[in-house]
Amino acid sequence: AGEGSGVEPPVVKFVMEELFKRQHILAASLCGAGGGGFMVLLASEGRTGKTLKKVCEEELACEAPDVRGFQWCEGRVCEQGLVGFHVDNTTFAEESDGRDHFDVVWHDQ
């Protein structure tokens, strides 16, 4: 939808603007729809999800009390990204159907 679309709830718009203004985040996006969506925040270097939660609950809640109802989940950026592996069909000798197979993983754990 983008800037000025009006699709984000006012409290979400306020939080994203304030966190940008205070340089706590580098990027933000509202994902999902219809009340079941979520906001993704990319924290600035040296900041964590716990930092952002604290700022929202202790500094922003006086102007936007609904931030106290946010649910917070930690995440991280995988620098390797999505990786595809080609596995030749001889690896699957017992079940080989003559086709090559592929395996997709996000990263080694």
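The values are calculated or read from the model by the stated rules, or taken from the named source; none is laboratory data. If you're wondering where the values come from, they're calculated on a predicted model, not measured in any experiment. Positions of Cβ are backbone-derived with ideal geometry, glycine not excepted, and every protein chain shown enters the neighbour counts.
Summed over the stretch 35-61, residues that are aliphatic (A, V, I, L, M) and in contact (Cβ under 8 Å) with a residue 40 or more places away in the chain total 1. Applying the criterion of at least 2 residues that are modelled with pLDDT of 85 or more and in contact with a strand residue (DSSP E or B) (Cβ under 8 Å, 6 or more places away or on another chain) to the strands (runs of 3 or more DSSP E) found wholly in the stretch 1-93 leaves 25-31, 38-43.
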